[in-house]
Amino acid sequence: MNTLTRTQILIGLIFVVSKFGWVALGSDSVSIQLDRERDYYPGDLVELEVSIQFSAYARYALQEPRHRSARYLETQPFPVMKSENGPYEQRWIVLYQISRSGSIGLDGGSLKNESNAENNPIPLEAVVITSQGFGVESDSNAPELLVDQSAKKEISRWISVLVALAGVALGTFLWWRRNTRVDRHEDEVRSPLIEAVEGLLAKLESGKRPMNEMELFLRDYSSACSPLLVDSFERILYSKNGSIDELADRLRKEFSL
C-alpha cells in the first residue's frame, strides 16, 4: 500500500468518525408520552408528558404543541434532575381538554435551550389523539330511522351546553385547587419551610457547601421557590459554577429573612 492510498484511507476515517461521532454526542433524547390504553371522549382531560435527556447541564423552555380542538389548560414543569452516573433530565406535564371527536393532532411544539441562546429550538413530533364519538355503533344493513332535524339540533345544542358547563366546572376546580394549595402552604408548609431556610442559611453563612442539604431542600421545596432561586441551586449542585453568596442573598430576599 503506497503512501497516497494510506493518506486517503486515513482522511476518510477521520471524516466518518468526526461526522457520525458528532451526531451521536451532540443529540439530545426527547420523549413524548400519551396514555393510549384508555379511550378519549369529547370533554375528557388529556395529560401529555414531555421529557428531554442531555449530557451537559442546561435548562430548556417548552413551547407546548397546540390544536384548536384541544383546549390548553396548564403546564406543570419539573426541576432539572440528574441520576447517578447518568444524564440530566427535565420534564413537563401538559394538560388539555378535548372538545370534539375524531383525530386531533397536537403539533407546533418545541424545546429551546435557555442556557445557549445560539442553539435552534428542537421541534417536537406531532401527537395524534383519537377521540371517540358518543353512541358509536357498528355498521348495519338495517334501514336507518328517520330523525327529526329539529331534534338533532336540540341534541347538538345540549351537548354544546354540557361541554361549556364542563369547562366552567373545570376552571372553578383549578381556581379552588390553586387557592387551596396556597392556604395549605401557609398553614402546613410555611413553618417547616422557614425552619429549613434558616438552617440552610446558617450553614451557607458559615462558609460551608452543604451539598446534601441543598439537594434535599430543592427536592422538598422547589414548588415554593422562584425560577431564579431554583437556577441558583442547580448551578451549584450540577454545574459546580454557582455562587454560595448569591444563593444566600436570594434565600433572604424571597423568604424575608
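Each reported figure results from applying straightforward, stated rules to the coordinates on display, with no laboratory input. These numbers were taken from a predicted model, which means no experiment stands behind them. FYI the Cβ positions are ideal-geometry reconstructions off the backbone, even for glycines, and counts take in every protein chain you see.
Assorted remarks:
- Residues Leu162 and Val128, FRET efficiency given R0 of 22 Å [Cβ-Cβ distance, rounded to 0.05]: 0.30
- Length gained when the stretch Arg66-Met211 is fully extended (0.36 nm per residue, less Cα-Cα span): 48.2 nm
- Net charge, Ala166 excluded, C-beta distance under 14 Å - Lys, Arg +1, Asp, Glu -1: +1
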